[in-house]
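The values are calculated or read from the model by the stated rules, or taken from the named source; none is laboratory data. Predicted model, so just to flag it, every value in this text is computed and none were measured. Cβ: placed from backbone, ideal geometry, glycine included. Neighbour counts: every protein chain shown. When the accessible area is computed, the model is the full protein with side chains, heavy atoms only, and any ligands, DNA or RNA have been set aside. Shrake-Rupley method; radii C 1.70, N 1.55, O 1.52, S 1.80 Å.
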Amino acid sequence: MIRFLLKGILRDRGRSLFPLLVVTAGVFLTVAFYGYILGMMNNMIRSNANLRHGHVKVMTRAYAQDIAQVPNELALTGVAALSDELRTSYPDLDWVARIPFGGLLDVPDDEGETRIQAPVAGLAVDLRTSGGPEPGLLGLAKILVRGRMPRVPGELLMSDELARKLGLDIGGKATLITTTMAGSLAMANFTVAGTIRFGIRAMDRTGLIADLADLRRALDMDDAAGEVLGLFKDGIYRSDQAAAVLRSFEGRYAGRQGEFLPAMQTLAEQPGMDIIIGRMRYATSAIVFIFLLAMSLVMWNAGLVGTLRRYGEFGLRLAIGEAKGHVYRTMLAESLLIGVLGSTAGTVLGLSLSWYLQVHGIDVSSIMKNITFLMDTVLHSKITPLSFVIGFIPGLLASLIGTAIAGRTIYKRQTARLFKELES
Amino acid sequence: MENGTIIRTTDLVKIYPMGEQSITALQDVNLTFGRGEFAGLVGPSGSGKTTLLNILGSLDAPTRGSAEVLGLRVEALPHKKAAELRNRHIGFIFQTFNLLPVYTVFENVEFPLLLLGMATAARRKAVMDALEWVHLADRAKSRPNQLSGGQSQRVAIARAVVKKPELVLADEPTANLDAENSHHILHTMENINRELRTTFLFSTHDDKVIGHLRRKITLVDGRVAKDEPGAGR
Ligand SMILES: Nc1ncnc2c1ncn2[C@@H]1O[C@H](COP(=O)(O)OP(=O)(O)O)[C@@H](O)[C@H]1O
Ligand SMILES: [Mg+2]
């Protein structure tokens, strides 16, 4: 009997191939899509780490309290020694010093008089140590619009939008007016080496990227920095490891008073991050849920259609003397078989694609225009334990439930009616 | 039920509700059939022939009255028992949609025996015997779509009789066939009727069939209008 039914499944493509393809495709899309969403979340965390926070960030306690104001008068001092110590104690991480800064940019006319002024917000990073990690972390080569990277002291990168607004070309000169670490007025002359597109509105309106050494000189911040960021060398944020680094580092200063002592913050601890992560989780679940629902409806419908077109067969089998329960059970067994095979195939395919994207990624920078700061030019994916079941279980259930519901009509209807529908 | 009686209906009524109105398909049908009969329900389309056959075959339930088939009251049979009755004792032949298209001729005829749980060797023999009766042994491996209408109907007969049932219910079995094929399958059924003492009950409005009947029951608007001997031998 089982062989008899299997023959039927194998010979009737409408019964085997079509539903199998639907389930496989649905499960594949679900698994791949889920992996892709997780990959995207990962990328967002990566950008946040590279651009703003590192995986852990060291500041003074006072600076951390007031971080939104970019309070450079509260910056860390003795940064060289601190960095060396961090490198020795935590060799798994790269450590880079940065100075976020704000000020006024003054653009002179030919006579040297002020032509136009604009508020700016910048980030000073080590651009000139050859082979240093910063240009890579910030993806500067990708977002360069005009000009080139700074090579000599006094050169900086400016948002392309800001440069146009200020009427500055490559090689144009401007003066940064700000305050030194000690709180007195500071003025420093800069040359625009290149322009960049951040892709974040606030930064495109006011953004600068300058060299750390230049800013230290301008702000009297010799051997000082607002922040020292630590990033795991493989680029992956692991909250438990970050927390362990934090505990060990903070342990050294435990019980000591002083607002200029260093303090560490993990990526997840930065203000607002819990909300962002919460929102992303929420959005991910919502998207995945809607996707699952749509896929389930499609698969369920396939089950319904598959059953409806077989009314004649069921009627005949009942007339020949098969019991209703037996017909129903064979239908369920068939859909279980299709569901298991299709869900397995779909999961394997989806995981394969996700795995490829996770390990290699697909570089789409060549087909993307206007690449920005935050945009990832490499499609990534991520596999988690949930990836193994997120498509499999709905795939199985949807085909099973679709058939179960469609099959109930066998019970509801008089057997004779199953025939009547065919005769018309 | 006295010996030799295979079917007895008592004041059988079938009413189909149709919205506010209802259609009376059978009205007070009282009929008795003995073992080995070769009888037919005749009458115009809509006179209730199919409805009566379906009730006798336990595919449909009467609204009132009773139908005893092989000593069982079909109106009171649970699903399972009804399936068992059909499986063991009744063969069906329909006008169309008789065969499962994905299965070969052999497999179509084999199906009722699989349901009965018959052993492989016995099953093979029974199927081939049945195909011999209808002269289609050489087409055992064909698919239904490779057969003519007459051949398909002969396969349906083979499937109906392969388990040697007491009763075969045939609903307009020749409706889609030409004269030659109609006579051919009627001869086949007459032979089986004679050799196995299988009771045949037809529904038909085809004169070619009517000529072979040994008993002719005329239904008009769901009532038995005439019950007379037929021309068949
Ligand atoms: N499932 C049904 N629902 C409603 N009316 C039906 C149904 N089956 C049959 N009928 C009606 O019952 C009457 C008898 O039908 P049927 O037994 O098929 O007649 P016959 O087989 O003699 O042509 C017809 O009027 C037909 O329309
Ligand atoms: Mg009819």
Could you please state, rounded to a whole Å, how far the C-alpha centre of segment B:130-176 is from the C-alpha centre of segment B:57-87?
25
Over segment B:120-171, the quotient of the Cα radius of gyration and 2.2 N^0.38 Å is 1.12
If Rh is defined by the Kirkwood formula over all Cα pairs and Rg also comes from Cα, what ratio Rg/Rh do you get for segment B:5-229?
0.97
Looking at the protein assembly as shown only, what percent of DSSP beta bridges run antiparallel? Nearest 5 please.
70
Relative compactness, segment B:100-233, computed as alpha-carbon Rg over 2.2 N^0.38 Å:
1.10
Accessible area buried, both sides summed, chains B and A with 1.4 Å probe, Å²
2500
Give me the accessible area per residue for the protein assembly as shown, probe 1.4 Å, as a whole number in Å².
46
Excluding residues on the same chain fewer than 8 positions from A:K7, give the aspartates and glutamates whose Cα lies under 20 Å from its Cα.
A:E313, A:E322, A:E334, B:E107, B:E110
Under the Kirkwood approximation for Rh and a Cα-based Rg, what ratio Rg/Rh is obtained for segment A:250-300?
1.43
Along the dipole axis of segment A:56-234 (charges at Cβ: +1 for Lys and Arg, -1 for Asp and Glu; origin at the Cα centre), the most positive-end residue among A:V125, A:L140, A:L105 is A:L140
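How many partner chain Cβ atoms sit within 10 Å of a residue's Cβ in peptide B:74-84, on average, as a whole number?
3
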Taking the Cα centre of chain A as origin, work out the dipole magnitude from +1 charges on Lys and Arg Cβ and -1 charges on Asp and Glu Cβ, in debye rounded to 20.
3120
Who wins for biggest fluctuation among B:A160, B:A175, B:A121 in a Gaussian network model of chain B, springs between alpha carbons below 10 Å?
B:A121
Rounded to the nearest 10, the angle in degrees between the Cα long axis of helix B:105-116 and the longest principal axis of the Cα atoms of chain B comes to 60
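Checking the a/c ratio against 1.5 first, then a/b against b/c, what shape does the Cα gyration tensor give for segment A:217-273?
Oblate is the answer for segment A:217-273, as a/c is 1.5 or above yet b/c matches or exceeds a/b.
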Placing +1 on the Cβ of each Lys and Arg and -1 on the Cβ of each Asp and Glu in the protein assembly as shown, which of A:T175, B:L26, A:I362 has its Cα farthest towards the positive end of the resulting dipole?
B:L26
Each label sits 7 Å from Cα toward the beta-carbon; between A:E113 and B:D227 the label points are separated, in nm, by 12.6
Share of pairwise Cα separations in segment A:56-234, more than 22 Å, in percent:
44
Looking at chain A as a GNM with Cα springs under 10 Å, which of A:L400, A:L316, A:L293 has the largest mean-square fluctuation?
A:L316
Round to the nearest 10 and give me the degree value, 0 to 90, for the angle of helix A:2-11's Cα axis relative to the longest principal axis of chain A.
60
Per the 1.4 Å probe, what fraction of the accessible area of chain A, in percent, lies on carbon and sulfur atoms?
61
Please report the projected area of segment B:1-74's Cα convex hull averaged over all directions, in nm².
5.1
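So what's the net charge close to A:G325: Lys and Arg +1, Asp and Glu -1, counting the other residues with Cβ under 13 Å from its Cβ?
Result for the local shell: +4.
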In peptide B:96-107, what is the residue-averaged number of other protein chain Cβ atoms found within 10 Å of each Cβ?
4
Fraction of accessible area attributable to carbon and sulfur, segment B:102-154 (%, probe 1.4 Å):
51
Can you give me the angle between helix A:273-308 and the longest principal axis of chain A, using Cα atoms only, in degrees from 0 to 90, rounded to the nearest 10?
20
Along the charge dipole of segment A:20-105, Cβ charges K/R +1 and D/E -1, which of A:L38, A:S83, A:L51 sits furthest on the positive end?
A:L38
Once the convex hull of the C-alpha atoms of segment A:170-283 is built, how many Å³ does it hold per residue, rounded to a whole number?
183
Beyond 36 Å, how much of the Cα-Cα pair distribution for chain A remains, as a whole percent?
47
Which three extents, in angstrom, do the Cα atoms of segment A:111-176 have along their principal axes, listed largest first?
40, 22, 20
